[in-house]
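*Asks:* So that we are looking at the same thing, I have put the structure below in structure tokens.
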Amino acid sequence: MANIEKQRERLINLLKELFQLDQPELDFGFYRIMHAKAGQVSDFLQNDLLAIIQDAFGEADEARIAEAKAAWEAARQQAEDFGAPNPDEAPKGK
């Protein structure tokens, strides 16, 4: 879990650097708007963005787990059909 937290902090820091939120001397055009909205941008980066990423990758992880489980069940059934004595102990079963 500590590694995930480090990666999240790194992502947030890189995005803050990208948006140059830590450089108040930039006070023109786009940067003026970004600095005026810095609180909202930081809140989005730390709360909303991470929730969106978690939802997106959580769905992908669940789909991959379901796919792997279905493939395992199919391989186990095939081993049983061919008369394997203990399909859970076979190399592909493990």
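The values are calculated or read from the model by the stated rules, or taken from the named source; none is laboratory data. Since the structure is predicted, the reported quantities are computational estimates derived from the model, not experimental observations. Note that we place each Cβ from the backbone using ideal geometry, even for glycine, and neighbour counts take in every protein chain shown.
*Asks:* So, Glu5, is that one charged (D, E, K, R) and either surrounded by 10 or more Cβ atoms within 10 Å (Cβ to Cβ) or modelled with pLDDT of 80 or more (or both) or not?
*Replies:* Against the criterion (charged (D, E, K, R) and either surrounded by 10 or more Cβ atoms within 10 Å (Cβ to Cβ) or modelled with pLDDT of 80 or more (or both)), Glu5 does not qualify.
*Asks:* Okay, next question. Consider Leu26 against the criteria (1) at pLDDT below 75; (2) assigned to a helix (DSSP H, G or I): it satisfies all of them except one. Which criterion is unmet?
*Replies:* Condition (2) is where Leu26 drops out.
*Asks:* Could you tell me how many of the residues in the stretch 33-81 are over 30 Å from Asn13 (Cβ atoms) and β-branched (Val, Ile, Thr)?
*Replies:* Qualifying residue count for the region: 1.
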